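Written out below as structure tokens is the structure these notes cover.
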Amino acid sequence: MTKPTRLLLTPAIAFWWRDVIRFLRQRNRIIGALATPLVFWLLVGTGFGPSFRNPAAVAAAGATGSYLAYFFPGILVLIMLFTAIFSTISVIEDRREGFLQGALVAPLSPAAIPLGKFLGGTTLAVLQALLFCLLAPLAGLPIGLHQILLLLPALIVTGFAMTGLGFLVAWPMDSTQGFHAIMNIFLMPLWMMSGALFPMPAGTGWLHLVAMLNPVSYGVEAIRSSFAPTISEALSSGYVTGVCITALFAAVLFAVSVRLVEKRSRRG
């Protein structure tokens, strides 16, 4: 076994597996990550459906033109956001229990901890999002082989980015109460102003500018484009741009996370 593998990959896999096992032992997290978005999707989708007349929104929703179809990709991102909250809150719990301090003083690569956490959160987020995709036909969205092949990269980079946002919020926190407060104040508005709830074309003024600058918007766009009837339509409707920008955003979050872990490791 080479030294880079011993210092980075092996501990990262251990952190990833630890998060997966923790999830399997806390089955109520599935309810929190899936049931709440499901109720939100049905209530909001049914309530807003009759007034869904925006031409840009109808075009983005696909063949059905329904609000349930338009809102579905946003709900997938919301599931990933909830999963990131549940996954990265373990950073605070590990610090409180002394596990994180032990990992920081161990002879590991500074990237091992964030890599393991990012992979763990991404794995859980993608699996739960794919499970929710079984409901896509209820919204009139196609979910065939090519949709799944397009969805997987979009879900992976979006899950990695959502977990990265959660990690950056959780890392300096000492209490779960403060963590939830920041998540609600910071991450929920990012999701709400990403085009997940309603379209924000150029005519919406400053909201359009916010959507253009909001990195979560590109994850929503990539996932929405994945449900296009054909691959060519998906690739021409913002899929590639959405995946690339979201992947770049996720890479920046990972680099910043590694830097933060490295600083704390040096302090001992």
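Pick from 158, 83, 36 the residue whose mean-square fluctuation is largest in a GNM of the chain, springs joining Cα atoms under 10 Å.
36
Can you tell me the Rg and the Dmax, both Å, for the Cα atoms in the stretch 89-204?
17.6, 54
Using θ = phi - 60° and the Karplus curve 6.51 cos²θ - 1.76 cosθ + 1.60, what whole-Hz ³J(HN,Hα) does each residue of the stretch 129-141 get, with Gly and Pro shown as x?
Computed from phi, the couplings for the stretch 129-141 are 5, 5, 4, 5, 5, 4, 8, 3, x, 5, 8, x, 9 Hz.
Relative to the present Cα-Cα distance, how much length would full extension add between residue 25 and residue 13 at 0.36 nm per residue of separation? Before the final figure, lay out each step's value.
Numbers: separation 12, 0.36 × 12 = 4.32 nm, distance 1.84 nm.
Gain in length upon complete extension: 2.5 nm.
Could you please report the charge total around residue 242, scoring K, R as +1 and D, E as -1 over all other residues with beta-carbon less than 13 angstrom from its beta-carbon?
Details: positive: 224; negative: 221.
Overall, the nearby charge balance is 0.
Report the equivalent ellipsoid semi-axes for the chain in whole Å, largest first, defined as the square roots of five times the eigenvalues of the gyration tensor built from alpha carbon atoms.
Listed largest to smallest, the semi-axes of the chain are 34, 18, 18 Å.
State the extension gain, in nm to one decimal, for the chain segment bounded by residue 209 and residue 42, taking 0.36 nm per residue of separation less the distance between their alpha-carbons.
Going from the current span to full extension adds 57.2 nm.
Given the -39500 (n - 2.57) contribution per DSSP H run of 4+ residues, what per-residue ellipticity at 222 nm results for the chain, rounded to the nearest 500 deg cm²/dmol? Working shown, then result.
On the way: 13 runs with 195 residues, N = 268.
Mean residue ellipticity at 222 nm (helix-derived): -24000 deg cm²/dmol.
For the stretch 159-265, just list the percent of Cα-Cα distances falling in each 5 Å bin from zero outward, please.
Final binned percentages: 2, 12, 18, 20, 19, 13, 8, 5, 2, 1.
Suppose R0 equals 25 Å; then what is the FRET efficiency for residue 127 and residue 175 from their Cβ-Cβ distance, rounded to the nearest 0.05?
FRET efficiency, residue 127 to residue 175: 0.30.
Estimate the FRET efficiency between residue 235 and residue 255 by the formula 1/(1 + (r/R0)^6), using the beta-carbon distance for r and 22 Å for R0, to the nearest 0.05. Walk me through the numbers on the way to the answer.
Working: r = 28 Å, r/R0 = 1.28.
E between residue 235 and residue 255, to the nearest 0.05, is 0.20.
Taken together, the values in this text are just the output of simple stated rules run on the coordinates, not laboratory data. All figures in this text were calculated on a predicted structure; none of them were measured in a lab. When we count neighbours, we look across all protein chains shown, and the Cβ atoms used for this are built from the backbone with ideal geometry, even at glycine.
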